[in-house]
Amino acid sequence: MADTRYDITVFGATGLTGSHIVEHVFELSVSQPEMYAQGFRWAIAGRNQERMKELVQEYMSKYPGATIPEPDILIANVVRRDTTDAMAKQSKVIINAVGPFRFAGEYVVRSCVENKCDYVDVTGEPEFVERMQRTYHDQARKNGTTIVHCCGFDSIPADMGSLFVKELYEAKGWSPVHIEMFLRMYSGETGLHGGFGTYESAVHGVGSAEVLREMRKVSGLAKLPRPGPPLKLKNGVHFNRDMQMYTIPFPGSDSSVVRLSQQLLLSGYGQPPKPVTNKTMPPTIQFTAYILLPSFWIMVLMVVYGTIFSFLAATPWGRNLLLNHPERFSHGVFSKKNPTDEQLKDSSFEMTLLAKGYTSRTVPNGNVDPDCNAKIVVRGPEPGYIATPRIVLQSALALLQGKANGQVPFGVLTPSAAFWNTDLLKRLPSVGISLEEVVWKEKITK
């Protein structure tokens with residue numbers, strides 16, 4: 001059956017994120033046709049057949065030089081199990097862009113696991129990810145299936161960026177122990193604008209924070225060691241001298257995903273079926289994440305709106321209020337209107353990873369201060385609808401190739417746990433997600 005399956009199926013093709021993924025599949029076939037294997041076959045899936053036909057014709061006309069065939073159309077609906085099962089049976093890898101995932105994602109994961117179809121998605125919802133890992137991991141491993149969550153802006157730049165740092169240290173024979181992440185967003189005159197789906201996921205994510213905490217209390221995964229002295233998250237507002245900006249803790253999923261990746265690796269779930277001879281398993285580090293606020297006024301706005309958002313998201317009536325009035329409670333950043341092409345074109349992100357470690361292959365016992373550090377910068381275009389389609393498609397292609405070569409482990413995984421033994425880090429710069437070594441400093445002195 002595997003030989004007759006579609007290489008990739010994009011599920012949720014007519015949604016905001018899904019349609020951008022479909023467009024990027026066409027676009028990449030024009031700009032870098034070598035990315036696709038000979039005989040590449042693909043499909044798009046969703047509920048509305050007519051809208052999908054219109055989408056295909058729109059992009060076939062926009063990209064007349066496309067070197068891949070026109071995609072087939074599959075009808076699939078998360079509330080009809082027979083349709084998601086049929087989609088999984090016909091596909092090698094499904095890219096899932098249907099959210100919020102806490103409500104719609106499990107149906108697709110279940111169909112993929114039961115029908116031996118590999119899977120990547122663009123979720124940034126830790127409660128969903130950790131629930132899927134606990135529920136379906138053993139069955140996925142038994143069936144030889146790989147499910148990889150968080151393969152968009154949430155959280156490839158942070159998780160694979162941390163892997164990049166670890167590999168740089170490993171190449172020098174050094175040991176990393178700390179990574180502090182700082183995210184900065186850029187926009188043009190039209191300002192930042194996010195899609196309503198992202199906002200909706202954030203509302204429900206804050207509302208289910210207690211569920212996630214309770215779930216972690218009974219997790220069977222390995223407990224993470226603490227290499228080096230403690231790296232504590234600085235809560236509230238701080239002025240960071242290294243970055244020369246105000247910071248607050250990053251409210252996204254990056255810290256949760258990096259943490260889970262390391263637990264999966266430490267638990268032995270990152271071992272691929274084919275023996276690894278040229279790489280070592282990535283070490284454990286301590287990780288914290290912040291968002292950079294370039295001015296005092298932006299800092300004040302973030303604190304005010306963030307406080308109101310957190311208060312309202314904790315109750316059902318508050319969540320309804322937030323969801324009914326996204327512009328009012330996000331200072332206009334989120335709304336039920338899609339971002340314009342100009343807003344997408346003028347936006348970008350820059351993620352700085354400040355790493356500390358030791359100039360030795362072993363970590364000293366006790367709270368010995370690190371004696372070397374590094375600065376790595378990850379840059380990319382607008383994160384939600386330009387960077388995410390590029391990242392998730394490369395993840396799907398890396399999964400296709402990696403599974404064929406025996407390089408990818410089985411189970412329900414996160415990006416670095418799934419892709420540490422593949423070429424994904426080399427693929428990302430080819431689609432505009434750059435990873436750059438900026439500074440190395442040995443023998444830190446106080």
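Looking only at region 160-215, residues that are closer than 30 Å to LYS279 by Cα and not in a strand (DSSP E or B) come to 15 in all. Do we have any residue at all in region 181-190 that's touching a helix residue (DSSP H, G or I) at 6+ places or on another chain (Cβ under 7 Å) and either within 24 Å of GLN394 (Cα to Cα) or β-branched (Val, Ile, Thr) (or both)? Checking region 181-190: at least one residue is touching a helix residue (DSSP H, G or I) at 6+ places or on another chain (Cβ under 7 Å) and either within 24 Å of GLN394 (Cα to Cα) or β-branched (Val, Ile, Thr) (or both). Quick one: would you say TYR136 is open to solvent by less than 30 Å² (accessible area, probe 1.4 Å), among the aromatic types (Phe, Trp, Tyr) and farther than 14 Å from MET215 by Cβ? When the stated conditions are applied, TYR136 passes them. LEU28 satisfies every condition listed in (1) open to solvent by 10 Å² or more (accessible area, probe 1.4 Å); (2) within 18 Å of THR388 (Cβ to Cβ) except (1). Would you check which residues across region 402-427 are in contact with a Ser or Thr (Cβ under 8 Å, 6 or more places away or on another chain) and assigned to a helix (DSSP H, G or I) and list them? Passing the criteria: GLY402, LYS403, PRO415, SER416, ALA417, ALA418, PHE419, LEU424. Residues that are within 17 Å of the chain's Cα centre (by Cα), of a type in the set (Gly, Ala, Ser) and within 18 Å of PRO71 (Cβ to Cβ) within region 87-141 comprise just one, ALA97. Residues in region 322-340: is at least one touching a residue at least 60 places away in the same chain (Cβ under 8 Å), open to solvent by 70 Å² or more (accessible area, probe 1.4 Å) and acidic (Asp, Glu)? No, region 322-340 contains no residue that is touching a residue at least 60 places away in the same chain (Cβ under 8 Å), open to solvent by 70 Å² or more (accessible area, probe 1.4 Å) and acidic (Asp, Glu). Within region 256-290, the set of residues being more than 17 Å from TYR169 (Cα to Cα) and either assigned to a helix (DSSP H, G or I) or acidic (Asp, Glu) (or both) comprises SER256, VAL257, VAL258, ARG259, LEU260, SER261, GLN263, LEU264, LEU265, LEU266.
Residues that are surrounded by 19 or more Cβ atoms within 10 Å (Cβ to Cβ) and among the β-branched types (Val, Ile, Thr) were ranked within region 260-287; the one that is farthest from LEU400 (Cα to Cα) is ILE285. Checking region 127-138 against the condition returns a match, with at least one residue being in contact with a Ser or Thr (Cβ under 6 Å, 6 or more places away or on another chain) and at pLDDT 85 or above.
The values are calculated or read from the model by the stated rules, or taken from the named source; none is laboratory data. Quick caveat: nothing in here was measured; it's all calculated off a predicted structure. In this analysis, Cβ positions are derived from the backbone assuming ideal geometry, glycine residues included, and neighbour counts consider all displayed protein chains. Heavy atoms of the whole protein, side chains included, go into the accessibility calculation; ligands, DNA and RNA do not. Shrake-Rupley method; radii C 1.70, N 1.55, O 1.52, S 1.80 Å.
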